[in-house]
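Derivation of every value follows stated rules applied to the coordinates shown; laboratory data play no part. Every value quoted in this text rests on a predicted model; they were computed, and no experiment measured them. Here the Cβ is made from the backbone with ideal geometry for all residues, glycine too, and neighbour counts use every protein chain on show.
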Amino acid sequence: MWLEGKNAIVYGGGGSIGGAVARAFAREGARVHLAGRTGASLEAVAEEIRAAGGAAETAVLDALDERAVDEHADAVGRVDISFKAIADGDVQGTPMWEMSVEDYVHVVEHTVRGTFITWRAAARRMVRQGGGVILAFGGEGDPPRGFHLGGLQTAFHAVEAMRRQLSVEAGAHGVRVVTLRTGGVPESIPDTFAGKAALERSLTDATLLGRTATLQDVGNVAAFVASDYARTMTAATVNVSAGTLLD
């Protein structure tokens with residue numbers, strides 16, 4: 001197994017993306033620590049992992065609360081893998097010129113704060129350990145046409161800038177930092193999202209392969225990147241977009 005004996009924290013582990021990555025980590029032998037604000041959703045994913053023979057623990061916390069994040073990381077002990085997939089609290093569906101400053105900036109502040117706090121907690125421990133892998137979901141790319149994403153694209157670009165900086169600063173200590181970008185995962189779009197069918201068609205039409213990434217695809221790639229098979233990979237984004245995004 002790729003991740004046998006590893007400790008992995010998944011922030012947002014009760015969500016669709018976080019849950020998929022957590023299941024893949026556990027399948028490959030990692031002990032998964034699911035963290036997030038909703039205990040019921042965290043426990044649902046944990047129960048799936050345990051039923052499949054994996055090891056999972058849950059912790060209810062807010063990734064924007066630095067004390068809670070640090071205390072949880074201390075309780076986990078050794079942190080080999082950290083993956084952040086918390087909801088960004090973005091406001092979508094409104095053209096930029098009609099948005100309030102607060103709605104546009106909120107997702108940027110939320111994303112940068114949550115990314116910094118969780119990455120700092122992981123990096124501090126990984127530097128002392130002499131290695132580890134920090135992953136995030138998102139990344140640069142052209143916004144899909146016909147949809148108003150608010151500040152989400154700005155937030156994604158901010159995470160990429162943070163990835164470059166931390167990679168340079170922590171690389172000498174054996175810490176790898178990688179972001180995953182997909183171009184959109186239809187399975188992760190809530191059924192309550194207005195225009196979901198149109199967005200799914202748009203995402204599929206934008207690919208080169210005629211199909212978008214699935215949740216399982218994202219989990220599989222994340223598990224590989226977190227493993228020693230990808231030990232030379234850092235300061236990079238991994239393209240899981242089926243050709244939507246051209247490197």
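In table form, for the structure just shown:
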item	result
Other-chain or far-sequence residues with amide H under 5 Å of L61's (modelled H)	G36, R37
Fluctuation leader among A198, A59, A155 - the chain, Gaussian network, Cα springs under 10 angstrom	A198
Integer Hz, Karplus 6.51/-1.76/1.60 couplings in order for the range 25-40, x for Gly and Pro	4, 5, 4, 8, x, 6, 8, 9, 10, 8, 10, x, 8, 10, x, 5
Dipole of the chain, positive end: most advanced residue of G130, V168, N7 [Cβ charges, Cα centre]	G130
Of [x] 76, 54, 34; [y] 73, 46, 40; [z] 46, 36, 36, the label for Cα extents along the principal axes in Å derived from the coordinates	[z]
Neighbour cut-off at most 15 other Cβ (10 Å), DSSP loop, trypsin sites (Lys or Arg not before Pro), the range 89-181	R145
CD proxy at 222 nm, helix term only [per DSSP H run n ≥ 4: -39500 (n - 2.57); per residue of the chain; nearest 500]	-14000 deg cm²/dmol
Burial ordering of K6, K84, K196, fewest other beta-carbon atoms within 10 Å first	K196, K6, K84
Principal axis box of the range 80-206, alpha-carbon based, largest edge first, Å	47, 31, 23
